[in-house]
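All remarks here apply to the structure that follows.
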Amino acid sequence: MILAHVDPVSNTRTATAKRYMETKADDILETLALSREKAAGVSQLKNDLKYGDSDLRWKTDCFLVSWLQQELAAAGQFDNMVLLALGSDIQARMPFLKDMLSHQGEYGRFLENASPYMFLVGDDICFGVLEDFSRKFGAALQRAGYQVIFQNRNEIPQVYGQRFQGNSYRGIFGLQDPLMATKIENGSYLFDHINSKKYFWSFDHPAGFFDTLHAAPEDVIVLTLDKNYVSYTKRFLKRRALFFPPGGEKQSKTWKNFDEFKASKLRENQMGISFLGTPGVGLQENIDYTREHNRKLYPLVSTYSYNLLNHTDEPSEMAFERTLEDPEVGIKNQISDDDFAELFGEWASLEKNASKTVRKQVVKEIVSAGADLNVYDRGWKDIGDFPNLIVHDSIPYEDARKVYDKSWMSLNVMSWHKDGFTERIAEPQLHGSLVVTDSTRYLRENYTDGEDIVMFDLNDQSIKELPERIRALLSDKDRLLHIAYNGYLNALKNHTWDARAEQFLKLTAALD
């Protein structure tokens, strides 16, 4: 074996190494008889070279010397691969190679990176939206050249010891999944015995998952769709967090230019503006209930509700801080960050009620002004008798795309995300519908109002002006279609699931 007699300072050996550097590792690897799993792992590691620094190439080769030691020896290529990995800098690289051969140091990380991603599926919450996200993002990673396993989450506790314990995975994704905090009989975490990065992907404010994240292993990484939530998670939940919003599905039908897009939409569009949001329970209902059933909490609920609706451009944690500073509530000076996180977690759902309050205001304003609005939840009938409000039955998430296909415009009201992005932007745009949405900092930085999207603020004045803006666009189809087409191009470039896969691979390369 060549390692036994490599002299780090030998000029002869260095010259030999330089000659072998001219031989590409790919040429050596192609001579090997690899299992399907190892061939896929090698392919992943080669893909990773696009995202790493200049040292990743030789470090990967050192790992492959160890991981493929038997296959290299059988092909008579072990010594060649060693020399290629060491290159001309034998003295500096030799300790790393020895770590790889003894399965020490970074060996485990490289082994994980050569392994499949695992997505936990089998939960039908949110009308199947999260299941759809898992499948779509997983498929995008597969198209990018990475192995993906979709694992029924309900099977893991039963067959954990036989099938998962001690295995390596490139990453495990739990979409708002409490399984991330599950412990086994000996009191250790279920996923602590699986070698992998663990991603808890949250599509609501992470404060609402306080119990899960507080109980989860320390190495869980939170993925979230709002940059404010990243800051909150790091400070209050003491977890690593990354901004990573959902994407949209690129449809098979594409448009080569504006004229083709215009002809298609003029032929297919059948309805003016659609809205897939649900009405739900607003803040006033919460205030009334608390006043009647729990007077002790009434000052907190009513003050927090007031602060949410009077500071609609701020994240909800800022409204909650204002609430605790209010003399009627008066506990701000008595609370630590940990206590704040726990208390805010108990009341985080009120931001959803605030969103639903504003949704109803926006919908009423639009239909009161005479514009037709198609909604997809029978609960919208409860807001009043409006001839222009066209109420349909609720539809599964996969059918939403059919609605986007035939809608001139798609309304969106964020669930109080103030620096975020959601699939309710990407999906309609990828289907050629003009998105009308409340603004966020992220949208303002990545879109231009009136050019590739229509944005409004959640104050009374902006909402009152919205119906006229909608009416003007519906009466000027050419302008409407130009905005919709520009939005389509933006989403096609930046917000498909394939784009998300590329962004994720770059983002997580920095974690290594």
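The values are calculated or read from the model by the stated rules, or taken from the named source; none is laboratory data. Small disclaimer: the values here were computed from a predicted structure and weren't measured. When we count neighbours, we look across all protein chains shown, and the Cβ atoms used for this are built from the backbone with ideal geometry, even at glycine.
Structure above, values below:
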quantity: Scan of region 372-385 for residues that are under 23 Å from A472 (Cα atoms) and modelled with pLDDT under 95, ordered by number; calculated: D372
quantity: Search result, residues across region 400-411 that are part of a strand (DSSP E or B) and of a type in the set (A, V, I, L, M, F, W, C); calculated: W408, M409, L411
quantity: Matching residues in region 441-481 - criterion: being among the hydroxyl-bearing types (S, T, Y) and loosely packed, with under 13 Cβ neighbours inside 10 Å; calculated: S475
quantity: Failed item in (1) under 28 Å from the mean Cα position of the chain (by Cα); (2) farther than 22 Å from L83 by Cβ, with L45 passing the rest; calculated: (2)
quantity: Region 104-132, subset aromatic (F, W, Y) and modelled with pLDDT of 95 or more, residue farthest from A510 (Cα to Cα); calculated: F119
quantity: Residue within region 341-352 that is in contact with a Lys or Arg (Cβ under 9 Å, 6 or more places away or on another chain), closer than 21 Å to S305 by Cα and buried (at least 16 other Cβ atoms within 10 Å of the Cβ) present; calculated: yes
quantity: From the options L101, L84, residue that is aliphatic (A, V, I, L, M) and surrounded by fewer than 22 Cβ atoms within 10 Å (Cβ to Cβ); calculated: L101
quantity: Identity of the residue in region 362-371, buried (at least 17 other Cβ atoms within 10 Å of the Cβ) and more than 33 Å from the chain's Cα centre (by Cα), that ends up modelled with the highest pLDDT; calculated: V367
quantity: Selection within region 275-313 - out of contact with any helix residue (DSSP H, G or I) (no Cβ under 6 Å at 6 or more places or on another chain), hydroxyl-bearing (S, T, Y) and either without any contact (Cβ under 8 Å) to a residue 60 or more places away in the chain or not in a loop (DSSP other than H, G, I, E, B) (or both); calculated: Y289, Y306
quantity: Residue under evaluation Y306, criteria (1) at pLDDT 90 or above; (2) more than 15 Å from W416 (Cα to Cα); (3) outside the structural domain of R424 (by TED's automatic domain parsing), criterion not met; calculated: (2)
quantity: Pick from region 212-237, criterion over 22 Å from I194 (Cβ atoms) and either surrounded by fewer than 17 Cβ atoms within 10 Å (Cβ to Cβ) or outside the structural domain of K136 (by TED's automatic domain parsing) (or both), ranking: farthest from the chain's Cα centre (by Cα); calculated: R235
quantity: Any helices (runs of 4 or more DSSP H) falling wholly within region 1-103 and containing at least 2 residues that are at pLDDT 90 or above; calculated: 25-29, 36-48, 56-67, 69-74, 78-86, 90-101
